[in-house]
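Participant: Here you go, one structure.
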Amino acid sequence: MHELAICQSLMDQVETIAYERNAKSVTSIVVAMGPLSGVEAQLLKNAYPIASAGTVAENAELVIEYLPVRVKCTQCGSESEALPNKLICKQCGDWRTTLVSGDEMMLMSVELEKVKDEKSGLMH
Amino acid sequence: MCDTCGCNITHGNESLIRPGGKLQKTESGKEAVTVLHSLLHENDHTAKHNRDHFDQHSVLAINLMSSPGAGKTALLEATIQQLDSNIRIAVIEGDLETENDAERIRKHGVKAIQIATGSACHLDAHMIHQALHNLDLSEFDVVFIENVGNLVCPASFDLGQHLNVTLLSVPEGDDKPAKYPVMFRTSDLVMISKCDLLPILDDFKPERAKGYLRDIASTAPVMELSSKDKSGLPQWIDWINQQIEIRKTYLEQHPVSAGHAHGGHEHHHHHEHEEIKA
């Protein structure tokens, strides 16, 4: 169960971004994840309230975008969807493929609520 | 992927950040910030720093992974005995508790640093960085990192190693690559260990294990070895020697700029670090 460690690392990044941009709070966090990342999305979601408690992101919504496992065949060149433990080409059945997607665990974006500047009345 | 040049925008995720994509919409008064960093950005950064440090001293770093009890320490002991004595070895041991493995290595006259991870199920780049403070890399040619016995978590954490070796011991069963594809996909070499047990545990078929590895598109070579009866050891020793040469050639062609890795500071620090028993 390494998802808590990963979630804490995610929170560090989010807090840094919020601080640098002078945000009041973080409203959403979008993470892209594939089955070959080694991270279980549900466990990451479970870890999130623990990791985010007391931070600027404690009320943020954690959005997880699931990316499918896709491979490109080095023999016939075609691209197809695959299972995490069966990365073979659907077209020609060859095992010599490269991964196109499915191993991501990436912080894609964060949405911030900005602090209103009292002097100018402008949003930062 | 590097997090800086945009190479992390892949065919798989580009639809998310395209204008009108999910990551672009935002309400007024809010700001959407595109990040595109790995969730382990900080770990990956430290891992790169570790790798630069190994490279500055032309040290080859090999990360050994397996389930608990697959024979990582026994393999290291056999390796120490068989490897040319001109090749200077150090070992970084990762376990939840005890100094047992480090003590086994030290009995062979080899420097070993034990990292006790407490409850952590894996080593991470920061732990290795800390261990490197207790290791003068100019004295070594190869550093073996014996990861925590676990086929799940260690696969996600780059430590700064050059190569991953995964052991699959005969008593575990030949379908482990199908069950733990993330781990076996990261392997540069898969070693079937405890092969002296093959005649007894004859439901383990090395060919079947290789088949499961091909199913996950692994091009890693597979070796069969027994640290006990020493069969297969010469092949493993040859592989290590080969990898040392490959790394040397690589570094001759891609020299590491001095000072770059550490922003100028060498690793023999004068400041205090938490002591790891060495």
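Participant: Test of understanding: among A:21, A:70, which residue is of a type outside the set (A, V, I, L, M), without any contact (Cβ under 8 Å) to a residue 40 or more places away in the chain and either crowded, with 20+ Cβ neighbours inside 10 Å or at the interface with chain B (Cβ under 9 Å from one of its Cβ atoms) (or both)?
Facilitator: Answer to the selection: A:70.
Participant: Among the residues that make up the stretch B:214-226, is at least one of them assigned by TED's automatic domain parsing to the domain that holds residue B:83, part of a helix (DSSP H, G or I) and closer than 23 Å to residue A:99 by Cα?
Facilitator: Scanning the stretch B:214-226, I find at least one residue that is assigned by TED's automatic domain parsing to the domain that holds residue B:83, part of a helix (DSSP H, G or I) and closer than 23 Å to residue A:99 by Cα, so the answer is yes.
Participant: Give me the residue from the stretch B:78-94 that is in a strand (DSSP E or B) and not small (Gly, Ala, Ser) and, out of that set, farthest from the chain's Cα centre (by Cα).
Facilitator: B:89
Participant: While we're here: Tell me whether the stretch B:95-115 contains one or more residues that are more than 14 Å from chain A (Cβ to nearest Cβ), assigned to a loop (DSSP other than H, G, I, E, B) and in contact (Cβ under 8 Å) with a residue 60 or more places away in the chain.
Facilitator: Yes, the stretch B:95-115 contains a residue that is more than 14 Å from chain A (Cβ to nearest Cβ), assigned to a loop (DSSP other than H, G, I, E, B) and in contact (Cβ under 8 Å) with a residue 60 or more places away in the chain.
Participant: Got a sec? Which of A:4, A:36, A:10 is assigned to a helix (DSSP H, G or I), within 11 Å of chain B (Cβ to nearest Cβ) and within 14 Å of residue A:101 (Cα to Cα)?
Facilitator: Answer to the selection: A:36.
Participant: Hey, among the residues in the stretch B:190-217 that are closer than 23 Å to residue A:104 by Cα and not β-branched (Val, Ile, Thr), which one's surrounded by the most Cβ atoms within 10 Å (Cβ to Cβ)?
Facilitator: Looking at residues that are closer than 23 Å to residue A:104 by Cα and not β-branched (Val, Ile, Thr), I get B:213.
Participant: Got a sec? Which of B:85, B:138, B:156, B:119 is polar (S, T, N, Q) and within 27 Å of residue B:222 (Cβ to Cβ)?
Facilitator: Sole residue among the options that is polar (S, T, N, Q) and within 27 Å of residue B:222 (Cβ to Cβ): B:156.
For (1) modelled with pLDDT of 95 or more; (2) more than 8 Å from chain B (Cβ to nearest Cβ); (3) within 27 Å of the chain's Cα centre (by Cα), each residue gets a yes or a no:
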| position | (1), (2), (3) |
| --- | --- |
| A:86 | yes, no, yes |
| A:96 | yes, no, no |
| A:107 | yes, no, yes |
| A:121 | no, yes, no |
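Participant: Quick check: is even one residue across the stretch A:37-46 touching a residue at least 60 places away in the same chain (Cβ under 8 Å) and closer than 19 Å to residue A:113 by Cα?
Facilitator: Taking every residue of the stretch A:37-46 in turn, none turns out to be touching a residue at least 60 places away in the same chain (Cβ under 8 Å) and closer than 19 Å to residue A:113 by Cα.
Participant: Something else about it: What number of residues in the stretch A:24-33 are more than 15 Å from the chain's Cα centre (by Cα), at the interface with chain B (Cβ under 7 Å from one of its Cβ atoms) and either over 13 Å from residue B:33 (Cα atoms) or without any contact (Cβ under 8 Å) to a residue 12 or more places away in the chain (or both)?
Facilitator: 0
Participant: In the same structural domain as residue B:128 (by TED's automatic domain parsing), at pLDDT 95 or above, farther than 22 Å from residue B:117 by Cα and under 12 Å from the mean Cα position of the chain (by Cα): does that describe residue B:159?
Facilitator: No.
Participant: Can I ask one more? Quick one: would you say residue B:174 is among the charged types (D, E, K, R) and within 14 Å of another protein chain (Cβ to nearest Cβ)?
Facilitator: yes
Participant: For the stretch A:59-75, check the following and say yes or no: at least one residue is closer than 30 Å to residue A:115 by Cβ and part of a loop (DSSP other than H, G, I, E, B).
Facilitator: Checking the stretch A:59-75: at least one residue is closer than 30 Å to residue A:115 by Cβ and part of a loop (DSSP other than H, G, I, E, B).
The values are calculated or read from the model by the stated rules, or taken from the named source; none is laboratory data. Keep in mind that this is a model prediction, so the values were computed, not measured. Neighbour counts are summed over all protein chains in view; Cβ atoms, including those assigned to glycine, are modelled from backbone coordinates with ideal geometry.
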